[in-house]
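The structure under discussion appears below in the form of structure tokens.
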């Protein structure tokens, strides 16, 4: 699929999808994001672009343009995950959540426990009454939570024995405070769907890179900043890191799909309001106009339980208009799915918007 004429290039869907799957399979729970950010840096270097790490661990890069105004796009590379809350007497691990998800959504998930020495230990999230053959109705009635879910580790002791006690688990180097990543199990289906945990919001990070590649072919009409934040899932991702010279901020994040929503896995969505309130009306209207120019079917939605990098930037005092767009993602904060159509549509909307900048509605 071709992007708008201003980019004068073809959106390399196969490459950006391959990159997305690799990024999804790179662990980056909030607070433990260095490997994912480094992967983005390597992809930028392949394009000849250098990013700058912020003191907070985010990544910023800029494509210079002719005009005086500066548009920033933000997406986050941090994901849901957990930390070790306790090493239990049976050798299994109690968890403390990173990000807002339902405990039931991670039951059965494969995980990696990231030790202080750099090693990882694999495991699985199970509940304390897992077997229906043993527990029967008690399993059905069990409320999933921090007390009833635990990580069953796959490791053996250094002596080759199976883990049966907290002392044995601690002997592996497992400590309270170790990060726990939820394995994405990402893949591309023959039908063009990308499946895996953490499409929120690595799908948008991949789109930012696709747009960057397009802008290298034809310089934009304004300066464009791209910011990858790393604390969005806990509410303060873009509270810092957006250049103060920014004149408009557009957060790019997943569009939640569900009953009562218009969003679709095959489309880009404009969110006009979430739990933090309405986004800038005039900027949202300019994005609507950009979708019309590019002949994109733009979905319009409101998310009652949602906030974004733009929300965080506004709360931190960024004094410019902000809006929110993104590809539709099904089953958000669980095992998610989107389609390549939505990635292309999101990139195309961004390029169409920049193509006519600084038009004002």
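The values are calculated or read from the model by the stated rules, or taken from the named source; none is laboratory data. All figures in this text were calculated on a predicted structure; none of them were measured in a lab. Counting neighbours? That spans all protein chains shown, and the Cβs are built from the backbone with ideal geometry, glycine included.
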Requested in this report: Of the numbered conditions (1) surrounded by fewer than 20 Cβ atoms within 10 Å (Cβ to Cβ); (2) in a loop (DSSP other than H, G, I, E, B), residue 62 fails exactly one; give the number of that condition.
Outcome: (2)
Query - Conditions (1) more than 19 Å from residue 308 (Cβ to Cβ); (2) surrounded by fewer than 19 Cβ atoms within 10 Å (Cβ to Cβ); (3) modelled with pLDDT of 95 or more; (4) not assigned by TED's automatic domain parsing to the domain that holds residue 202; number of the one not met by residue 99 - result: (1)
Query raised in the report: Does segment 201-213 contain at least one residue that is crowded, with 19+ Cβ neighbours inside 10 Å, under 21 Å from residue 70 (Cβ atoms), touching a residue at least 60 places away in the same chain (Cβ under 8 Å) and out of contact with any strand residue (DSSP E or B) (no Cβ under 9 Å at 6 or more places or on another chain)?
Result: yes
Query raised in the report: Within segment 223-238, is there a residue that is under 21 Å from residue 285 (Cβ atoms) and in contact with a helix residue (DSSP H, G or I) (Cβ under 8 Å, 6 or more places away or on another chain)?
Result: yes
Query raised in the report: Any idea which of 113, 121, 49, 84 is part of a loop (DSSP other than H, G, I, E, B) and either farther than 30 Å from residue 319 by Cα or at pLDDT 95 or above (or both)?
Result: 49
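Could you tell me which residue of segment 310-334 is surrounded by the most Cβ atoms within 10 Å (Cβ to Cβ), considering only residues that are in contact with a helix residue (DSSP H, G or I) (Cβ under 8 Å, 6 or more places away or on another chain) and closer than 25 Å to residue 183 by Cβ?
Filtering segment 310-334 for residues in contact with a helix residue (DSSP H, G or I) (Cβ under 8 Å, 6 or more places away or on another chain) gives 312, 321-329, 332-334.
Next, only the ones that are closer than 25 Å to residue 183 by Cβ stay: 326-329, 332-334.
Details: 326: 29, 327: 32, 328: 29, 329: 26, 332: 23, 333: 20, 334: 16.
Going through the qualifying residues, I end up with 327.
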Report summary line: Picking from 129, 170, 162, the residue that is in contact with a strand residue (DSSP E or B) (Cβ under 7 Å, 6 or more places away or on another chain), over 23 Å from residue 35 (Cα atoms) and modelled with pLDDT under 95 would be 162
Query - Residue check for residue 57: more than 29 Å from residue 108 (Cα to Cα), touching a residue at least 60 places away in the same chain (Cβ under 8 Å) and surrounded by 18 or more Cβ atoms within 10 Å (Cβ to Cβ) - result: yes
